[in-house]
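Here is the structure we will look at.
What follows draws every value from the coordinates through simple rules; no lab data is involved. All values derive from a computational prediction rather than experimental measurement. Cβ atoms come from the backbone with ideal geometry, glycine included; neighbour counts cover every protein chain shown.
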Amino acid sequence: MPVVVRYSDGGGLTPKQRAVREQVRFEAAGLFARQVAPPGVAKQLRVPRKSAYAWYAAWREGGVESVRSKGPSGRSSRMGPAWRAWLAQALEQGPSAHGWVQDQRWTTARVAVLVARRFHVRFSDAQIWRILHQMGFTVQVPVHRVAERDEQAVATWVKEVWPRVERR
């Protein structure tokens, strides 16, 4: 029978996801206080036994507060809020403002070059994508338009020529 694990080791959690995990640890502390053994806690909360034993040891040493979240693990990103604000503004200016005139699309490689030029820090394409995603940017399918497009000529064509062509 497969084991369903509710407390997987995913990493890179959002604050909301960390709060959910912390709530599971608080539930475990409550069960420990009611004399439920770690294997029973693991089964009841659908978490690995190893986690239940680690929480039990922490709870025994320091009580409920010892199972509280210590915040996100790992090193914090070098791409801090000030850098992100600058990047958002630079992306709004468009690629041509930063030297890419042939193709008016942002790619992760171009964004990485832009960041490296400004801050002298290199990020991989995957890191750039993660940063952009955290900033609220999404993948977009670009509209292919020539940079020298004459909007007046297009509007005239749509208004005068297209109705004649469409009637056929």
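Figures for the structure shown
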item	result
P(r) of the stretch 15-67 over all Cα-Cα pairs, binned every 5 Å from zero, in whole percent	5, 25, 34, 24, 10, 2, 0
Compactness of the stretch 71-168 - radius of gyration and Dmax, Cα, Å	19.4, 67
Helix runs (DSSP H) in the chain reaching 20 Å along axis by Cα, Kyte-Doolittle at least -1.0	15-33
R0 of 35 Å, Cβ-Cβ distance residue 46-residue 68: FRET efficiency to nearest 0.05	0.95
Electrostatic dipole magnitude of the chain [Cβ: Lys, Arg +1; Asp, Glu -1; Cα centre; debye, to 20]	600 debye
Simple spin-label estimate for residue 152 and residue 23 in nanometres, 7 Å along Cα-Cβ	6.1 nm
Sum of side-chain charges, residue 70 neighbourhood, beta-carbon under 14 Å (Lys, Arg +1; Asp, Glu -1)	+2
Local electrostatic count at residue 113 - Lys and Arg +1, Asp and Glu -1, tallied over other residues with Cβ under 11 Å	+3
Separation in nanometres of the label points that stand 7 Å from Cα toward Cβ, at residue 109 and residue 35	6.7 nm
Amide N of the stretch 51-95 lying under 15 Å from the label point, which is placed 7 angstrom from the Cα of residue 121 along Cα→Cβ	75-88
Given charges at beta-carbon only (K, R positive; D, E negative), |dipole| of the stretch 15-67 in Debye	280 debye
For the chain, calculated [θ]222 nm from helices alone, where every DSSP H run of n ≥ 4 adds -39500 (n - 2.57)	-16000 deg cm²/dmol
Correct option for P(r) over Cα pairs in 10 Å bins from 0, in percent [calculated from the coordinates] among (i) 8, 24, 17, 16, 16, 10, 6, 4, 0; (ii) 10, 33, 32, 15, 6, 3, 0; (iii) 9, 32, 31, 22, 6, 0	(i)
